[in-house]
Amino acid sequence: MSALRFSSSATAPAVHHTIRSIRKALAAASLAHQQSSVLSNLTASPPHSRSREAAGLAGTCLVPPPPSVGFVPTMGALHIGHLSLVRAARQRNDIVVSSVFVNPSQFAAGEDYGTYPRQLEEDVRMLSSEGVDFVFAPNNDEMYPSSAAENQDNVPRTFVELEGFDETSEGKSRPGHFRGVATVVTKLLNIIRPTDAYFGQKDAAQSCLLRSVVRDLDIDVTMHICPTLREDDGLAMSSRNAYLNGEERQSAPVLYRALRSAEELYRSRVYAVGDAGGRIASSELLSTILNILNSDSLVHNIQYVSIDDKNTMWPLSDVGTDGAVISLACEVGSVRLIDNIIL
Ligand code: AMP
């Protein structure tokens, strides 16, 4: 299928379902952008100049740099958190592309792949209102043709994997998840070839993983990790919040309250001790968080509360002024939620 427009509005982004079609559209947009730069540079140049300097300048203006392309990968069911990434891209980049793809290879058996909310038309409307130029919404066969051809249940055959990452806290809770994430994001970066890519701090381990993948595989893209957007009561925005019933929704902000209490304890302890700063044992921060989580009757199955190095997600026994990331995963009612805070 080629490009499809959901609305007749001139500003609605074109939605592409195939790799061929999104690449063609991006190449055309890039060329058009360069041509319009040439035209505006030419009209801005002095009409007549005999000086060599001006002639040289005009020559450079004829070959403007290619436009910057900002890319925001998502699984759809968009909310303001996703849109904050799009806004960051819109501010910085000439062309903005977002993808909507619920990636089967990052869901383990028994997880919510089948029921994950899917609402492409609504997503495209939201992306349109943020000025996204192109939406890439492939299906599984387009992304994983080798698996489809061999009827292997959509399991891709070549994987990108950060060694040892399944031993981090979130990795242990979701074995195989990060291999799926690293693989699909590498594929998307290869397809779109953006200059800039935007991810949310909301998924702390994912951001850390992808920074490593980009560094280790020499992918030519600038990574931007944007802050977590929260509801007024502190709950981190997430597509999975839609699974919460009324009572669970009321309890859910307890995750952030617990993280904030640990942050306050950290600040009071580490920054109260002279210029050099002190250190606090991770166990103290952990018990503060666990006490608060355990005080809520709807919170159960606390899968981890982890205090880790920000760059590696490996656990720290204590924390000083160089900081850490505290992340946690638990169920509120029947819904698995994650959250984190940077110290
Ligand atoms: P997802 O659709 O859940 O895969 O998320 C797509 C991107 O949006 C990821 O980089 C997420 O980290 C980011 N994201 C999700 N929720 C938020 C949020 N509340 N604030 C900022 N970014 C977010």
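What to note about this one:
- Residue that is surrounded by fewer than 19 Cβ atoms within 10 Å (Cβ to Cβ), within 16 Å of the ligand (Cβ to nearest atom) and modelled with pLDDT of 70 or more, where the choices are Leu120, Leu78: Leu120
- Yes/no for Val160 being within 15 Å of the ligand (Cβ to nearest atom), open to solvent by 10 Å² or more (accessible area, probe 1.4 Å) and touching a helix residue (DSSP H, G or I) at 6+ places or on another chain (Cβ under 9 Å): no
- Identity of the residue in segment 172-203, more than 14 Å from the chain's Cα centre (by Cα) and without any contact (Cβ under 8 Å) to a residue 60 or more places away in the chain, that ends up nearest to the ligand (Cβ to nearest atom): Lys187
- Residues (closer than 17 Å to Ser169 by Cβ and of a type outside the set (Ser, Thr, Tyr)) located in segment 187-209: Gln201, Lys202, Asp203, Ala204, Ala205, Gln206, Cys208, Leu209
- Checking Gly278, Gly200 one by one, the residue that is on the phi < 0 side of the Ramachandran plot, open to solvent by less than 30 Å² (accessible area, probe 1.4 Å) and modelled with pLDDT under 95 is Gly278 and no other.
- Scanning segment 204-240 for residues that are away from the ligand (no atom under 13 Å from the Cβ) and either closer than 26 Å to Gly114 by Cα or surrounded by 18 or more Cβ atoms within 10 Å (Cβ to Cβ) (or both) gives Val213, Val214.
- Among residues of segment 163-184, those that are out of contact with any strand residue (DSSP E or B) (no Cβ under 6 Å at 6 or more places or on another chain) and crowded, with 19+ Cβ neighbours inside 10 Å, counted: 13
- Number of positions in segment 89-117 that are assigned to a helix (DSSP H, G or I) and open to solvent by less than 30 Å² (accessible area, probe 1.4 Å): 4
- Some residue of segment 257-272 being at pLDDT 95 or above, in contact with a Ser or Thr (Cβ under 7 Å, 6 or more places away or on another chain) and surrounded by fewer than 18 Cβ atoms within 10 Å (Cβ to Cβ): yes
- Some residue of segment 307-320 being touching a Phe, Trp or Tyr at 6+ places or on another chain (Cβ under 8 Å) and within 30 Å of Tyr243 (Cα to Cα): yes
- Filter result for Arg87 (within 12 Å of the ligand (Cβ to nearest atom) and within 17 Å of the chain's Cα centre (by Cα)): yes
- Residue in segment 209-224 that is in a strand (DSSP E or B), outside the structural domain of Ile302 (by the TED database) and polar (S, T, N, Q) present: yes
The values are calculated or read from the model by the stated rules, or taken from the named source; none is laboratory data. Keep in mind that this is a model prediction, so the values were computed, not measured. Cβ: placed from backbone, ideal geometry, glycine included. Neighbour counts: every protein chain shown. In case anyone asks, the SASA skips ligands and DNA or RNA and just uses the protein heavy atoms, side chains included. Shrake-Rupley method; radii C 1.70, N 1.55, O 1.52, S 1.80 Å.
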